[in-house]
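> One structure follows; several queries about it will come next.
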Amino acid sequence: MSTFQAPRGTYDLLPPDSATYLAVREAIAEPLKNSGYGYVETPGFESVELFARGVGESTDIVSKEMYAFETKGGSKLALRPEGTASVLRAALEANLHKQGVLPVKLWYSGSYYRYEKPQKGRYRHFSQVGAEAIGAEDPALDAELIILADQAYRSLGLRQFRILLNSLGDQECRPVYREALQGFLRGLDLDEETRRRIEINPLRVLDDKRSEVQKQLVGAPSLRDYLCEACRAYHDEVRALLTGAGVVFEDDEKLVRGLDYYTRTTFEFVHDGLGSQSAVGGGGRYDGLSEMLGGPALPSVGWALGVDRTVLALRAEGVELEIPASTSVFAVPLGEEARRVLFGVVTRLRKEGVATDFAYGGRGLKGAMKVANRSGARYTIVAGERDLAEGVVQLKDMESGEQNAIPLADVVAEVAARLS
Ligand code: ATP
Ligand code: MG
């Protein structure tokens, strides 16, 4: 233990668990890379104003959870709490939407920061993999993203997740619904903060987790009854495409999600083994966001999946990812000369792409073999003075226990051949 500890609400990723996190990130990214999404990386901080406008002043993210600070130069910045606003900002800044065919499809992976009350599945530093398809209004694009997330989770072996789907309407029908909902909500017995929310972001009240609120929401006007013809047709098409792809989803009228900028399609992936932090990922269409950031009209859709909660979901389902041993060959020298010779073999094997490690620190045979065992290596190469005098090394298959003397000059080729 040192004097220091990881800050509250954060944790370190360390071997061997960190391999699972890497594998999860890769599994989520894989279907995206395979579907025309290009990698984007943006700074870990942005101007506070970007999030205030792009996520919304009335959201918990901006009003309560943001790590905002002023720099020595007087700029007001915030650690990024989410990815969409930054990615759209970057795409607009680089004029990606003018350079080719729309949509611009991007994926990202990184750290996000929210000042939250830490609990299981809710941290102040967490990791997301996300995707955004910018500049096209096409139900197939909404369906594509949901299908790719479903595919990612399935490829990880997750089964106990559900997809909740809703439509939030658009600029035409949502305001009419909003007003009807406000009328209904104003008549309920609610606390001050929730009353304020009715005026700023009434749809969020539907999202309230408290049972005393939920009880009163029975009979609230339903957005489904207010969707305009265009939104209804769009939503039906998304649903039909998902069904056609064999993706099972649940219609969830109460799904509004936290961000102000969502329009039409909105969805969440929930996992039933996670307790109250059940959302493993979510997303939706954000047709108005580009204009809110001062850009042209660029209807877009995207999602972000939480890596931390996905790992918890794997644990909850008892899924062990098959992570290949990171070391294939372990070299154990006995004596000074063998150390120099085997170190050369190690370097040559690595150049050949064979994952190789070495017994450092001059330990004895027994201790070194223990380390070799723990490394998961399939082969060990052991050499002492007598072996070198004969021009050989001992190659041991750690699975079968079989050991052969191999000419030193051939060992790299021999090991590479055996492993392939
Ligand atoms: P919640 O309702 O649980 O607060 P959210 O709606 O704030 O979730 P999003 O902004 O949609 O979450 O982020 C997408 C995903 O990122 C979530 O589904 C979750 O997996 C993950 N995530 C969000 N906040 C956190 C956090 N504080 N700690 C760990 N993961 C998080
Ligand atoms: Mg949240």
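The values are calculated or read from the model by the stated rules, or taken from the named source; none is laboratory data. Here the structure is a predicted model, which is why all the values come from computation and not from measurement. Cβ coordinates were reconstructed from backbone atoms using ideal geometry, including for glycine residues, and neighbour counts include every protein chain displayed.
> Return the only residue of Gly362, Gly344 being outside any strand (DSSP E or B) and at positive phi. Let's see the steps before the verdict.
Details: Gly344 fails: at positive phi.
Every option except Gly362 fails the conditions.
> While we're looking at this one, here's another question. Across segment 1-42, what is the number of residues that are part of a loop (DSSP other than H, G, I, E, B) and acidic (Asp, Glu)?
Here the count works out to 2.
> Does Leu102 satisfy the condition of being over 19 Å from the mean Cα position of the chain (by Cα), part of a helix (DSSP H, G or I), away from ligand 1 (no atom under 12 Å from the Cβ) and surrounded by fewer than 23 Cβ atoms within 10 Å (Cβ to Cβ)?
no
> Given the options Ala416, Ala355, name the one that is within 29 Å of Leu22 (Cα to Cα) and touching a residue at least 60 places away in the same chain (Cβ under 8 Å).
Checking each option against the conditions leaves just Ala416.
> Residues in segment 43-69 that are of a type in the set (Ser, Thr, Tyr) and part of a helix (DSSP H, G or I): how many?
1
> Continuing with the same structure: Give the residues of segment 120-134 that are more than 26 Å from Tyr37 (Cβ to Cβ) and either more than 12 Å from ligand 2 (Cβ to nearest atom) or of a type in the set (D, E, K, R) (or both), sorted by residue number.
Selection gives Lys120, Arg122, Arg124.
> Condition (residue is out of contact with any strand residue (DSSP E or B) (no Cβ under 6 Å at 6 or more places or on another chain), among the aliphatic types (A, V, I, L, M) and at pLDDT below 95) applied to segment 62-84: is it met by at least one residue?
Yes, that holds for at least one residue.
> Exactly one of these conditions fails for Ala220: (1) touching a residue at least 40 places away in the same chain (Cβ under 8 Å); (2) surrounded by 15 or more Cβ atoms within 10 Å (Cβ to Cβ); (3) closer than 21 Å to Gly284 by Cβ. Give me its number.
Single failed check for Ala220: (1).
Results for (1) under 27 Å from Leu203 (Cα atoms); (2) touching a residue at least 60 places away in the same chain (Cβ under 8 Å); (3) within 16 Å of ligand 2 (Cβ to nearest atom); (4) surrounded by fewer than 18 Cβ atoms within 10 Å (Cβ to Cβ), shown as yes or no for each residue.
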residue	(1), (2), (3), (4)
Ala27	no, yes, no, no
Glu49	yes, no, no, yes
Asp60	yes, yes, yes, yes
Tyr67	yes, no, yes, yes
Glu70	no, no, no, yes
Lys76	no, no, no, yes
Thr84	yes, yes, yes, no
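> Taking interchain pairs and intrachain pairs at least six residues apart, which have beta carbon atoms under 6 angstrom, with the first residue in segment 111-130 and near ligand 1 (Cβ under 6 Å from one of its atoms) and assigned to a strand (DSSP E or B) and the second modelled with pLDDT under 95 and not basic (Lys, Arg)?
Cβ pairs passing all conditions: Arg122/Gln277.
> Checking the condition away from ligand 2 (no atom under 16 Å from the Cβ) and not in a loop (DSSP other than H, G, I, E, B), which residue from Glu253, Glu237, Glu268 passes? Break it down stepwise before answering.
Numbers: Glu253 fails: not in a loop (DSSP other than H, G, I, E, B); Glu268 fails: away from ligand 2 (no atom under 16 Å from the Cβ).
Answer to the check: Glu237.
> Still on this structure, please answer the following. On the given criteria, is Arg204 more than 29 Å from the chain's Cα centre (by Cα), within 16 Å of ligand 2 (Cβ to nearest atom) and surrounded by 17 or more Cβ atoms within 10 Å (Cβ to Cβ)? Before the answer, list the steps.
Numbers: more than 29 Å from the chain's Cα centre (by Cα): no; within 16 Å of ligand 2 (Cβ to nearest atom): yes; surrounded by 17 or more Cβ atoms within 10 Å (Cβ to Cβ): yes.
When the stated conditions are applied, Arg204 does not pass them.
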